[in-house]
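Since the structure comes first, as structure tokens, the remarks are kept for the end.
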Amino acid sequence: MQVKFQTIEGKSLQFYLLVAALALLIVPGLYSTWRMYEDGIYLSGMTNRIPWGLQIILCVFYIGASAGSLVISSLYGIFGKIEYKPFARIAVYLALLFLIAALLSILTDLGRLDNLTASASYFNFLSMLSINPFLYNTYILICIVYLWAMLREKERFVRVIAVVAVVWAVLVHSGTGAIFGFVPRELYQSPLLPPSFITAALSSGTALMILVILGLFRLNRRPLDHELVVRLGRLLAVFIVIVLYFLFVENAYRLYMADSREAACHFLFTPFNGTLFWGGLIVVGCIIPAVVLFHPRTGKSTPWIVFSCVLTVFGVLCERYLIVIPGQTHPPELLPNMEITSITELGAKYCLNEGIVHYTASIHEVFQAVSVLALIGFMFVVGLRLFKLMPTEAKIYK
Amino acid sequence: MDRREFLRKGGVLAAGTACAGALPWLPACSSTTTTSTPSGEEGSSSECKYGMVVDLPKCRPGCTACLDACRKENNVAYHGDPRWDVHLIRKVTVERTYPVQGPKKPMLLLCNQCDDPPCAQACPVQATYKRPDGIVVVDQHRCIGCRYCMIACPYDARSFNYKESEEWPNHDRAKSMHGVPESCTFCAHRLDRGEKPACVEACEKVGAKVLSVGNLNDPESRVSRLIRDNSVKALREDLGTKPKVFYIGL
């Protein structure tokens, strides 16, 4: 059975308004980035104790989302599941856009954009932050070739490039996990981070994919087989369970070992982190969606599936925050059995904010984040109009 | 431009980007650190490796001579806001909490000039590197300001220039631009001239002699003698970073 693809019509007033709105939303972020380039990134909420903030959280989130999309496309590309072919193109296009968003997030976060050429001329084999941009760039290239092969209906080539893309995606996401896992910080250092990073990526990516598919088919009034959405929901539920398992192992280990117990408590039981972890990530982001999706009745209802997808995305956002920030707010244990007790004696002039610190994103960081999101939204909408990404219909072929 | 052409051009552009990304794989090995010929502060030898000894019992709680000298010598940015103030050397108070409650003691924290520096390992563009004499420095003209070195440093020894400083006390030295990190370099520029680091000089001037910097490879240097004759500790030696700042009386 042949799946037909068509561009979206995109001639309605709403379409143009959407494109214009997205284009407009890009502007404030450009302004903020320019200000930071001129005056310095003190305009962000970052400090000497918290050198990585919102852009890194979102970068990590986008990279994860990109993996999930790619997996959906691989269901067709690698496993030959023809019923998922209708989503394959959108999935790869989204994977590509999410990765561009991730790279842009890093770019807006750099202190010296004018030295950026150095990253193309000097390479450090030992640096995860040097290896990863290389992986990202090649991944973007692979996605483009993959998309091209699908647009040209080169079926056999698609099979090959799909395998390459998925293998590369695993590298990209392990690498991103390693950015955090491979540094000597109590709440970062963990060999489990790369694989657990991939699982969270799969769940957030699948959830976003389901939301995008449902939204697109509804807006364009194209028929979508309900059973397909239900199956994707099941898949998401499985991913969520794996995420829970990894979270359990990692935190149980930290809590169990005496040397990391104090840091684990900071991560799990302080008011803000604890709320995000137990409330946001575990209950709202994992348990509720998993129960809803596995339940024989709610797991088949579109509104419930949408509900659990939104919760999953929220949960993974919490998880990304928890990967990046608590590892910095928690002070490194420089002197075992000693406490840095007083910083007031000489005044704050002579020391850092020692002890536990807090991070709040500034308005400029929010502008930048919105800008990046709007840009890929813009590219997505325009892409749908330019390329044959949307299928005319999606159903299970018997 | 029709769609095919768009795709084709897009493809070419992307291929170009990826190639540019891959290019650095080739010359990576050849781009090594700059060389300098350290003269050494005392007992200079050809294989110089600098280290520091901090004699904490001699440090007076209220004294800030080394801190002020460092700020002045290196044009260290001070904005009056602890979020962004740059510190190459910090003074804190520490107190033993286990197994017995100890007295409050002053403590100096600075870059440990690790022999296996995680910051240099992390730097994506090799802007942070270890000089042949063991001093870890940042090339501010190559740094892209990603701050991964600060994430990687287990000692929180690096500060970032979130904004440019208004003051410029030492015109012999450039003012740090915003967007790059900084950490103590043992005043490498002074060592290269055969002078002592600013903090060491200031400490001697007030008659405390807490700080000494010298060649660890020279068995007769003051630092080598102090390390040999005293029980010294370095911070977080368990991490394997081989820090080269040693504390007496910690």
Would you be so kind as to identify which of B:Thr128, B:Val232, A:Gly327 lies farthest towards the positive end of the dipole of the protein assembly as shown, taking Lys and Arg as +1 and Asp and Glu as -1 on Cβ and the Cα centre as origin?
A:Gly327
Mind listing which GluC sites (Glu not before Pro) in the range A:1-101 are in a DSSP loop and have 16 or fewer other Cβ atoms within 10 Å?
A:Glu9
Inter-part gap, Cα centre of the range A:322-384 to Cα centre of the range A:234-284, in whole angstrom, is 20
Measuring from centroid to centroid over Cα atoms, what is the spacing of the range A:133-161 and the range B:191-250 in Å?
56
Approximate spin-label separation A:Leu24-A:Arg218, in nm, with each point projected 7 Å along Cα-to-Cβ
2.4
Can you bin the range B:41-248 into rounded, prolate or oblate? Criterion: square roots of the alpha carbon gyration tensor eigenvalues sorted a ≥ b ≥ c, rounded for a/c under 1.5, prolate for a/b above b/c, oblate for the rest.
rounded
Over 26 Å between alpha carbons, listed pairs B:Lys163/B:Lys233; A:Lys349/B:Lys49; B:Lys105/B:Lys130; B:Lys72/B:Lys244; B:Lys205/B:Lys242
B:Lys163/B:Lys233; A:Lys349/B:Lys49; B:Lys105/B:Lys130; B:Lys205/B:Lys242
The range B:41-248 - share of DSSP beta bridges that are antiparallel (%, nearest 5):
85
For a paramagnetic label modelled at 7 Å from the Cα of A:Gln14 toward its Cβ, which residues of the range A:194-213 fall within the zone defined by backbone nitrogen distances under 17 Å?
A:212-213
What is the calculated FRET efficiency for A:Gln2 to B:Asp115, with r their C-beta to C-beta distance and R₀ = 51 Å, to the nearest 0.05?
0.20
Chain A, relative contact order in percent, only Cα pairs under 8 angstrom and at least six apart counted
32
For the charge dipole of the protein assembly as shown, defined by +1 on Lys and Arg C-beta atoms and -1 on Asp and Glu C-beta atoms about the Cα centroid, which residue among A:Leu58, B:Met52, B:Cys63 has the Cα displaced farthest towards the positive pole?
A:Leu58
Across peptide A:64-73, what mean number of C-beta atoms from other chains lies inside 10 Å of a residue's C-beta?
0
The range B:41-248, relative contact order [Cα under 8 Å, separation at least 6], %
34
Going through the range B:70-168, which GluC sites (Glu not before Pro) have at most 11 other Cβ atoms within 10 Å and a DSSP loop state?
B:Glu166
Calculate the FRET efficiency for A:Ile363 and B:Glu167 from the Cβ-Cβ distance with a Förster distance of 22 Å, rounded to the nearest 0.05.
0.20
Shape call, the protein assembly as shown: gyration tensor on alpha carbons, a/c limit 1.5
prolate
Once R0 is set to 25 Å, what does the formula 1/(1 + (r/R0)^6) return for the Cβ-Cβ distance between A:Ala120 and A:Trp34, expressed as a FRET efficiency to the nearest 0.05?
0.70
I need to check one value: relative contact order of the range A:6-155, counting alpha carbon pairs closer than 8 Å and at least 6 residues apart, in percent.
21
Candidates per chymotrypsin sites (Phe, Trp or Tyr not before Pro) in the range A:55-122, loop by DSSP, up to 12 other Cβ within 10 Å:
A:Phe79
At what distance in nm do the modelled label points of A:Arg297 and B:Arg60 sit from each other, each positioned 7 Å from its Cα along Cα→Cβ?
8.0
Give the average, rounded to an integer, of partner chain Cβ atoms located within 10 angstrom of each Cβ in A:182-190.
4
Who wins for biggest fluctuation among A:Gly383, A:Gly285, A:Gly315 in a Gaussian network model of chain A, springs between alpha carbons below 10 Å?
A:Gly383
Of A:Asp109, B:Asp156, how do they rank once you tally other Cβ atoms within 10 Å and put the fewest first?
B:Asp156, A:Asp109
At a 10 Å Cβ-Cβ cut-off, how would you order B:Arg71, B:Arg222, fewest neighbours first?
B:Arg222, B:Arg71
Once both labels are modelled 7 Å past Cα along the beta-carbon direction, what's the B:Glu47-A:Val249 spacing in nm?
4.4
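Taken together, the values in this text are just the output of simple stated rules run on the coordinates, not laboratory data. As the structure is a computational prediction, the values presented were derived from the model and not from experiment. All Cβ positions, even for glycine, are placed from backbone atoms using ideal geometry, and neighbour counts span all protein chains on display.
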